[in-house]
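For reference, the structure is listed below as structure tokens.
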Amino acid sequence: MSEGYYGRPIVKPPTWTDLIPTYFFAGGLAGAAATLAFAERTARNDRLARAMIFGAAAGCAVSAFCLIADLKKPERFMNMLRVVKPTSPMSVGVYIFSAFSGSVFIAAGSEITGVARSAGRFFEAIAGLIGPVMSVYTAVLVGDTVMPAWHLPRKTLPGLFAATSATSAGAWGLLFASARDNGSARRLALVGGTAMVAVLQALHHEIGPAQAQAYSKGEAGALARSARLLNVSGIVCAALGKDSNAISRIAGALLLAGGLTERFAVYRAGCASAKDPKYVLEAQKSN
């Protein structure tokens, strides 16, 4: 690691805990799952729609816990809702998350209880429309920071988050819907998993070989390689398990693990690029 001023990093690394990359993952899954639930409801595939809206609710619950727990005090989240800053991705993101999660919980509650079905379907549609934004807004948030490994690929990072979210949502469908009903989830997982490989290559090309080392070396590199193995294995199982519930569930588990691991790889890369001044100095030269 290069030396900074008096041996200190030039850029202060993020003080977030591992709850935040988990929040990124769960929120992305929830967004893509809600959109697929709405699409399948429209196509009258109620079994898959039901599984996906429950997946969206589970993702929102995990996201809310991780976000509030990382803030240490629940009232800090409420305080964030008191201020609206259109120029701040974090401020806008809080409102996106609140509107989305509220809609998902109402839709899932209606699905479980059978109460107020019309309202449940309305809020399911709202969640489905907000879902794509929910899937990628955290990429915009981290791209707006000064961490070189996040800021430099700010054009391709949303694509990576979108691909990971799609893969994870498809994986949820493979896990919790039968092979007879999960065709759309399987296709989403395959498209997302394939896109993830392509977007990662584009990301490395965008930031250049020197900066790409933040993603390929150290803990971030180990996580990225694990994510790639899990993702490719999951894609193969998803393609082969079209008529098998068991293989479909294996594919879903592999792809979910790969999506989570990829989020952690991105997070660790950002932290590494902040701690090592060579990435900061290279970023300044490129600008």
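Quick check, is residue 150 crowded, with 19+ Cβ neighbours inside 10 Å and at pLDDT below 95? Write out each step before concluding.
Values: crowded, with 19+ Cβ neighbours inside 10 Å: yes; at pLDDT below 95: yes.
For residue 150, the condition - crowded, with 19+ Cβ neighbours inside 10 Å and at pLDDT below 95 - is met.
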I need a count of the residues in region 36-51 that are over 20 Å from residue 135 (Cα atoms), touching a residue at least 60 places away in the same chain (Cβ under 8 Å) and in contact with an Asp or Glu (Cβ under 8 Å, 6 or more places away or on another chain).
2
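Within region 232-273, take every residue that is among the small types (Gly, Ala, Ser) and not in a helix (DSSP H, G or I) and give me the one that is farthest from the chain's Cα centre (by Cα).
First, pick out the residues of region 232-273 that are among the small types (Gly, Ala, Ser): 233-234, 238-239, 241, 244, 246, 248, 251-253, 257-259, 265, 269-270, 272-273.
Filter again for not in a helix (DSSP H, G or I), leaving 241, 244.
Values: 241: 25, 244: 27 Å.
For region 232-273, the residue satisfying everything is 244.
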Would you pick out the residues in region 201-253 that are farther than 19 Å from residue 150 by Cα and of a type in the set (Gly, Ala, Ser)?
226, 233, 234, 238, 239, 241, 244, 246, 248, 251, 252, 253
Tally the residues that are basic (Lys, Arg) and under 17 Å from residue 263 (Cβ atoms), restricting the search to region 202-227.
1
Does residue 229 satisfy the criteria of being under 16 Å from the mean Cα position of the chain (by Cα) and part of a helix (DSSP H, G or I)?
no
Hey, among the residues in region 99-145 that are of a type in the set (D, E, K, R) and over 21 Å from residue 166 (Cβ atoms), which one's farthest from the chain's Cα centre (by Cα)?
117
Matching option when the condition is buried (at least 24 other Cβ atoms within 10 Å of the Cβ), of a type in the set (A, V, I, L, M) and either out of contact with any Leu (no Cβ under 9 Å at 6 or more places or on another chain) or not in a helix (DSSP H, G or I) (or both), among 163, 171, 214, 185
214
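The values are calculated or read from the model by the stated rules, or taken from the named source; none is laboratory data. In this text the structure is predicted, and so the values were computed from the model without any measurement. Neighbour counts are summed over all protein chains in view; Cβ atoms, including those assigned to glycine, are modelled from backbone coordinates with ideal geometry.
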